[in-house]
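Below you'll find the structure, written out as structure tokens, and then a few comments.
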Amino acid sequence: MHELSVCEALLSQVRATAGTNHATSVGRITVRLGPLSGVEPDLLSQAFSIARNGPLTSDASLHIETQPIRIRCRECGNENEALANRLLCAACNGFRVDLISGDELLLAQVELRGVARPPNSPTERKENSDHV
Amino acid sequence: MCETCGCSIPDHNHPTPADEHTVEVLTGLMDANDHAAGHNREHFNRTGTLVINLMSSPGSGKTQLLERTAQAMKDRVTMAVIEGDLETENDARRLREQGIRAHQIATGSACHLDAHLVHKALHDFPLEIDGQTTDILFIENVGNLVCPAAFDLGQHVNVVLLSTTEGDDKPAKYPVMFRAADLVVISKADLLPYMDGFKVERAEQSLRGLGVETPTLNTAAGREPDIGAWIAWLEQQLESHRQHHGQAASAA
Ligand SMILES: Nc1nc2c(ncn2[C@@H]2O[C@H](COP(=O)(O)OP(=O)(O)OP(=O)(O)O)[C@@H](O)[C@H]2O)c(=O)[nH]1
Ligand SMILES: [Mg+2]
Ligand SMILES: [Zn+2]
Ligand SMILES: [Zn+2]
Ligand SMILES: [Zn+2]
């Protein structure tokens, strides 16, 4: 299973985020996962429970937000949800479709502990600059 | 002044407890791999090499197809192979016996190749030797229909083999892998007369169910080889690759 390599990539991004913000530990980690990413949520959780043991993340928890598969038909423009192996237009049954969502594999949020000031992330920084 | 963060705004909210903050990150978990894959692609484009990532279940006939391909093309096309295998050097040896360069990556327990492993191989196994560049590099991935699909290696084309001794509903069972394919090769087509359970039309239908227009072609690489459609497809890929990458041999 490659979920272990994916999990190691996840933890190194999490630790980098924690490091930049001088956090002492990490709480909840939120990942956005589509069924067509090739990563199984259960296997990722299993891998996480082993791989988190290490600096900063030994108390961390993993929260997986599963994304729906959505497609748009190139023939008729219809949009619908679909199953991973039935990616067909619900209106015209066509197979010429584009994937709108469902293959995500993203680190969305990290909860940092031991951080006195609002963390140094693009979104937060924008907020900071508003109140100079 | 805000007592929590020390800034000059008198009144704003802080999460509780005060030393806990949630940051939005929104980075792809495959970013490090994809970055390395991009670097591999630079290597490939420097020598104008067309790179094909071959994937399938174990034993679907990847190595045998490459052996037959070497026999058919090696006199007019410079070919090389990077083999990803769990333990042995066998596949690389089989290809060297066909007179082409082959490099084995022993993945150990890893069930897939990733861009870093391929990058390391590229430094041990250059695509240009004494001014002779490689026209096609095949990367034979580890036999596995799940894990390799998630890792971009920097290849230009993904080819997935589906052998007639497997179920013709494999695309529906492994949608991520088959969606990644730019071509699906129905291999061991010589066995079709004996395989009552395998119908090419059903395999194609299963593939269409994934919402892709991926072409398919048949190959037989056994005792009586028939790989004409595959060779024609390769020639056409080479031609369009040369056009896109400006490596026209007539430039000199
Ligand atoms: N009849 C027939 N047998 C084939 C064909 N292609 C491969 N085989 C046989 O199938 C077996 C496996 O073939 P390989 O080429 O080693 O398969 P592979 O996909 O490279 O296997 P792994 O690298 O272990 O995943 C061998 O015994 C081959 O001789 C074919 O086109 N027809
Ligand atoms: Mg092989
Ligand atoms: Zn695996
Ligand atoms: Zn439609
Ligand atoms: Zn390099």
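The values are calculated or read from the model by the stated rules, or taken from the named source; none is laboratory data. Quantities reported herein were computed from a predicted structural model and do not represent experimental measurements. We place every Cβ from the backbone using ideal geometry, glycine too, and count neighbours over all the protein chains shown.
The helices (runs of 4 or more DSSP H) located wholly in segment B:7-117 that include 2 or more residues which are buried (at least 18 other Cβ atoms within 10 Å of the Cβ) and away from ligand 5 (no atom under 16 Å from the Cβ) occupy B:62-73, B:90-96. Cβ-Cβ distances below 7 Å connect the following pairs, each with a first residue in segment B:111-126 that is within 18 Å of residue B:146 (Cα to Cα) and at pLDDT 95 or above, a second residue that is surrounded by 19 or more Cβ atoms within 10 Å (Cβ to Cβ) and among the acidic types (Asp, Glu), and a separation of six or more residues or different chains: B:115/B:152.
If you go through segment B:24-38 one residue at a time, do you hit one that is in contact (Cβ under 8 Å) with a residue 60 or more places away in the chain and within 19 Å of residue B:245 (Cα to Cα)? For segment B:24-38, residues in contact (Cβ under 8 Å) with a residue 60 or more places away in the chain and within 19 Å of residue B:245 (Cα to Cα): present. Every test in (1) more than 16 Å from the chain's Cα centre (by Cα); (2) away from ligand 1 (no atom under 13 Å from the Cβ) is passed by residue B:163 save one, and that test is (2). Taking segment B:207-216 as the range and being surrounded by 15 or more Cβ atoms within 10 Å (Cβ to Cβ) and closer than 12 Å to residue B:184 by Cα as the test, the residues that pass are B:207, B:208, B:212, B:214, B:216.
One residue stands out among those in segment A:1-50 that are within 21 Å of residue B:107 (Cα to Cα) and assigned to a loop (DSSP other than H, G, I, E, B): the one that is modelled with the lowest pLDDT, which is A:1.
Summed over segment B:149-181, the residues that are under 22 Å from residue B:45 (Cβ atoms) and at the interface with chain A (Cβ under 8 Å from one of its Cβ atoms) give a count of 1.
Pairs meeting the criteria (first residue in segment B:152-173 and of a type in the set (Asp, Glu), second residue part of a loop (DSSP other than H, G, I, E, B), beta carbons under 8 Å, at least 6 apart or on different chains) are B:152/B:30; B:166/B:57; B:166/B:60; B:166/B:198; B:168/B:197; B:168/B:198; B:168/B:199.
Evaluation of residue B:168 against the conditions (1) under 17 Å from the mean Cα position of the chain (by Cα); (2) not in a helix (DSSP H, G or I) shows that the sole unmet condition is (1). Remark: pairs (first residue in segment B:205-228, at positive phi; second residue surrounded by fewer than 18 Cβ atoms within 10 Å (Cβ to Cβ) and assigned to a strand (DSSP E or B); Cβ separation under 8 Å; 6+ apart in sequence or on different chains) = B:211/A:99.
Among the listed residues A:36, A:43, which satisfies the condition of being surrounded by 14 or more Cβ atoms within 10 Å (Cβ to Cβ) and more than 9 Å from chain B (Cβ to nearest Cβ)?
The match here is A:43.
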